[in-house]
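These notes are about the structure you will find just below.
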Amino acid sequence: MEGATVHQINSLYIHFPFCRHLCNYCDFYKIIPQEGDYDGFEKLFYEMHQEHQRFLNENDAVLGELETLYIGGGTPSLWGKRGATYLEKLLHDSGVQLKPEGEFTLEVNPGSWTPEGIKAWRDFGINRFSLGTQSLRPDYLKLLDRIHTVEEVYETLHYFKELGVPFSVDFMLGLPWSEENKRDIKAELNDILSFEPEHLSLYILTAKAGYPHKKFLPSEEFIEQEYLLVAKTLKERGFNHYEVSNFAKAGRQSRHNLSYWKSRSVAALGPSAVGFLCETKTRYKWKSKTPRFEKEILDKDSFQLEKLYMALRIDEGIRAEDHFDTEEWNNLQKLFKKWVDEGWAELEGKSLRLKSPGFLILDGLMQQIFSAQK
Ligand SMILES: C[S@@+](CC[C@H](N)C(=O)[O-])C[C@H]1O[C@@H](n2cnc3c(N)ncnc32)[C@H](O)[C@@H]1O
Ligand code: SF4
């Protein structure tokens, strides 16, 4: 379109779909690599990239200088030096650069990386790692069907410390048998904190159909206690609970994930990866085996609703004028004051932000907003 403004997209998610073993609780797209699979993946990825460039062009958008890049999976640390070299060339050939002050993250699984690979990723530009720790107890790692050992977790944490690279850890709660066995989650957390991560993502185990330990999952009350205990412990240790499932030291929030929560554009590449172009409100999801995607254009109401839900997830909270007209905001005051009395939220003038106990029941609170608006 002649004269149309071209929108620069500064965030990119890349999905690497291979894992050494498929954990029985995981519902992300992943496969165990067979001989030649990396060749096939790289060819497919290249075709996706070509298709993506055409799609962005049609939407008057372009992948600009990247401020954030997140390479997730799957287990992208398995891709190692080969992956770093491949992506460097692909991005270079298409004129995409990493901004010097950007945030570039790679997910790492304990036992699925080599020092050579990590160094190659750092040379490529990765300046933040996210380690799939989950638990520091061998019995829980086994119950979770993880193939790495606790020793491999420690080995990775020591290596990150030695390199002096910033890192985040994934940590899980709501684990099978944890209520019966009185899991000492605080002791595990303190052990992890002794390695000084700057960020922690907290996952509550969600069981899909056929999950083998479904009968042994803890009660909702137990999960709630664990969640609030983790939130309290992390706050005492200087972390901000800046999103429902995420904690960070000051200024070290995940900038990439904040783009999702602030409903900004995030491009995506790789099997099953999901991207979003905010200007045209277009969400697209790549198929797993062909360089094709399905797209959905959100209507105004769905987008507004999603924006509200996303904004409530983060500790910046919502500003009345971004989500409601004056009458709607006034009508919601009684409800919001109740949230404040319950200790779920803080209300300051025309802004509202949830606190840890509110984050825990976010979906219920969204329902209350709908009911109050009817
Ligand atoms: C998809 S994984 C990718 C990173 C890496 N492969 C790992 O295992 O840590 C990202 C996070 O999602 C979590 N996850 C996957 N399925 C989950 C589920 N059903 N419930 C809660 N967390 C889940 C994993 O434990 C991991 O921390
Ligand atoms: S290693 Fe991570 S991505 Fe792979 S199956 Fe396990 S949880 Fe899922």
Within the range 57-88, count every residue that is more than 20 Å from L277 (Cβ to Cβ) and either surrounded by 18 or more Cβ atoms within 10 Å (Cβ to Cβ) or within 16 Å of ligand 1 (Cβ to nearest atom) (or both). 12
L69 passes all but one of the listed conditions (1) in contact with a Phe, Trp or Tyr (Cβ under 8 Å, 6 or more places away or on another chain); (2) not in a strand (DSSP E or B); the exception is number (2)
If you scan the range 243-284, which residues turn out to be in a strand (DSSP E or B) and out of contact with any Phe, Trp or Tyr (no Cβ under 6 Å at 6 or more places or on another chain)? E243, N246, A267, L269, V274, F276, L277, T282
Members of the range 20-41 found to be more than 24 Å from Y284 (Cβ to Cβ) and within 16 Å of ligand 1 (Cβ to nearest atom), listed by number: R20, H21, L22, C23, N24, Y25, I32, P33
Checking T156 against (1) out of contact with any strand residue (DSSP E or B) (no Cβ under 7 Å at 6 or more places or on another chain); (2) part of a helix (DSSP H, G or I); (3) within 16 Å of ligand 2 (Cβ to nearest atom); (4) not hydrophobic (A, V, I, L, M, F, W, C), the condition it does not meet: (1)
Identify, please: which residue in the range 199-224 is surrounded by 18 or more Cβ atoms within 10 Å (Cβ to Cβ) and farther than 22 Å from N24 by Cα and is, among those, nearest to ligand 1 (Cβ to nearest atom)? L200
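Results for (1) within 23 Å of L258 (Cβ to Cβ); (2) assigned to a loop (DSSP other than H, G, I, E, B), shown as yes or no for each residue.
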residue	(1), (2)
G95	no, yes
G102	yes, no
V169	yes, no
M172	yes, no
A187	no, no
Exactly one of (1) within 11 Å of ligand 1 (Cβ to nearest atom); (2) closer than 13 Å to E196 by Cα is unmet by F171. Its number? (2)
Give me a count of the residues in the range 2-50 that are of a type in the set (V, I, T), within 16 Å of G74 (Cα to Cα) and buried (at least 19 other Cβ atoms within 10 Å of the Cβ). 1
Out of everything in the range 23-74 that is within 12 Å of ligand 2 (Cβ to nearest atom) and charged (D, E, K, R), what residue ends up being nearest to I9 (Cα to Cα)? K30
Do we have L91 as outside any strand (DSSP E or B) and away from ligand 1 (no atom under 16 Å from the Cβ) here? yes
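Bear in mind that the values in this text are calculations on the coordinates, not laboratory data. Quick caveat: nothing in here was measured; it's all calculated off a predicted structure. So basically every Cβ, Gly included, is an ideal-geometry build from the backbone, and we count neighbours across all protein chains shown.
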